[in-house]
Amino acid sequence: MTAYEPPGTSEPSDSPDPPDSPQRPRSPGGAVPYDAVVLAGGAARRLGGADKPGLRVGGRALLDRVLAACRGAATTVVVAERRATERPVEWAREDPPGGGPLAALDAGLRHTSAEHVLVLSADLPFLDEETVRSLLSALRTSGAPADSAKHEGVLLTDFDGRDQPLVAAYRTAALRRELAALAATHGALTGLPLRRLTAALDLTRITDPVASFDCDTWDDIAAARARIREHGHVLDEWISAVKDELGIDLDVDTGVLLDLARDAAHGVARPAAPLTTFLVGYAAALAGGGPEAVAEASRKAAALALRWADEDVPEAKPDASDAKPDASEAKPDAG
């Protein structure tokens, strides 16, 4: 893996990320831009002070898994000590460090400028891009057009119905308004719980026990590691991990590749399966890459494997009754 090493050690400024930042162009498909703030600086007391964002589930650090889920953000701010990550991010730190989630959120928001912001913790092993899109879509469509006061956030709830305010999308202006009000009332945000913020917001809730699952204990880590190895999840998890490790952002029909591997293994030889899929990938890359190129190369290789297998079926031998007569019997009668 080639991790992104954050440059320098100085703390970033408190000014928002400028519109022409290298991160800013990211908004595929014409979607409304959003920013992301990831809180990754907790003490992890229930994990004995372990480096929770760096703990690995499915071969990837928890923080990197969360960063992969919000890769579509125009600006991503991680509030924590700087560390190597799989993609570049902005860095921020609450003052003083360890001041709690509201102080950390306030520090992160100072580097954002989008109307909508995704707020995440760094310990969500099953968060994915589909969940992120669902949160943002619900936020953008919440509130009737005639309403002057739209909903101000959309958050997930867990299996027990508890709010998970660090798996949520918010209207940035609403967060800034309430954080400023709390700071004015209490003199500072340090040590204040998240519920002081969410209680003042008009929120929509979506139940998602999987995406909202967070890792607070070693039992949680063990449960997450076990789940991704279950039969129904392991293949997708492995493919996602490999793509992130290799820096590949490509969605292909894995069913086509699995069918090809099966045909090559059964029709040619078992070692032919991985070698054939490798050659298909190489051919697709030479053809310009993309799902279409993979599908076309797979189709050709699968057809070849089937033709190869057909040749291994013995041809039917002619029946004895259909055999040509002996040459001596074929001669005309001499008499």
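Restricting attention to the range 294-309, which residues are closer than 13 Å to L279 by Cβ and either in contact (Cβ under 8 Å) with a residue 60 or more places away in the chain or among the hydrophobic types (A, V, I, L, M, F, W, C) (or both)? Working first, answer last.
Within the range 294-309, the first condition is being closer than 13 Å to L279 by Cβ, and the residues that meet it are 294, 297-298, 300-302, 304-305.
Within the range 294-309, V294, A297, A301, A302, L304, A305 meet the criteria.
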- prompt: Only one of these conditions is not met by D253: (1) farther than 30 Å from F159 by Cα; (2) modelled with pLDDT of 80 or more; (3) under 18 Å from the mean Cα position of the chain (by Cα). Which number is it?
  reply: (2)
query: Within the range 111-133, how many residues turn out to be surrounded by fewer than 17 Cβ atoms within 10 Å (Cβ to Cβ) and more than 13 Å from G72 (Cα to Cα)?
result: 1
message: Any residue at all in the range 288-296 that's at pLDDT 85 or above, exposed (fewer than 14 other Cβ atoms within 10 Å of the Cβ) and among the charged types (D, E, K, R)?
response: yes
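From D220, D244, D214, grab the single residue that is under 28 Å from T141 (Cα atoms), within 25 Å of the chain's Cα centre (by Cα) and either of a type in the set (D, E) or loosely packed, with under 13 Cβ neighbours inside 10 Å (or both). Spell out the reasoning first.
Working: D220 fails: under 28 Å from T141 (Cα atoms); D244 fails: under 28 Å from T141 (Cα atoms).
Result: D214 is the single residue among D220, D244, D214 that is under 28 Å from T141 (Cα atoms), within 25 Å of the chain's Cα centre (by Cα) and either of a type in the set (D, E) or loosely packed, with under 13 Cβ neighbours inside 10 Å (or both).
Test H233 against the stated conditions and say whether it is of a type outside the set (A, V, I, L, M), open to solvent by 40 Å² or more (accessible area, probe 1.4 Å), farther than 30 Å from F126 by Cα and part of a helix (DSSP H, G or I).
Working: of a type outside the set (A, V, I, L, M): yes; open to solvent by 40 Å² or more (accessible area, probe 1.4 Å): yes; farther than 30 Å from F126 by Cα: no; part of a helix (DSSP H, G or I): yes.
The answer is no for H233.
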- request: Find the residue count for the range 256-280, including only residues that are open to solvent by 70 Å² or more (accessible area, probe 1.4 Å) and either touching a residue at least 24 places away in the same chain (Cβ under 8 Å) or in contact with a Pro (Cβ under 7 Å, 6 or more places away or on another chain) (or both).
  value: 2
- prompt: Counting only residues that are within 16 Å of R83 (Cβ to Cβ) and modelled with pLDDT of 90 or more, how many does the range 20-51 have?
  reply: 3
field: Residues that are touching a Leu at 6+ places or on another chain (Cβ under 9 Å) and open to solvent by 90 Å² or more (accessible area, probe 1.4 Å), drawn from the range 187-206
entry: R196, R205
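Just to be sure, is L175 more than 30 Å from V234 (Cβ to Cβ), surrounded by 18 or more Cβ atoms within 10 Å (Cβ to Cβ) and at pLDDT below 95?
On the way: more than 30 Å from V234 (Cβ to Cβ): yes; surrounded by 18 or more Cβ atoms within 10 Å (Cβ to Cβ): yes; at pLDDT below 95: no.
Against the criterion (more than 30 Å from V234 (Cβ to Cβ), surrounded by 18 or more Cβ atoms within 10 Å (Cβ to Cβ) and at pLDDT below 95), L175 does not qualify.
The values are calculated or read from the model by the stated rules, or taken from the named source; none is laboratory data. For clarity, every value in this text was computed on a predicted model and none was experimentally measured. Backbone-built Cβ (ideal geometry, glycine too); neighbour counts: all protein chains shown. With ligands, DNA and RNA removed, areas are computed over all heavy atoms of the protein, side chains included. Shrake-Rupley method; radii C 1.70, N 1.55, O 1.52, S 1.80 Å.
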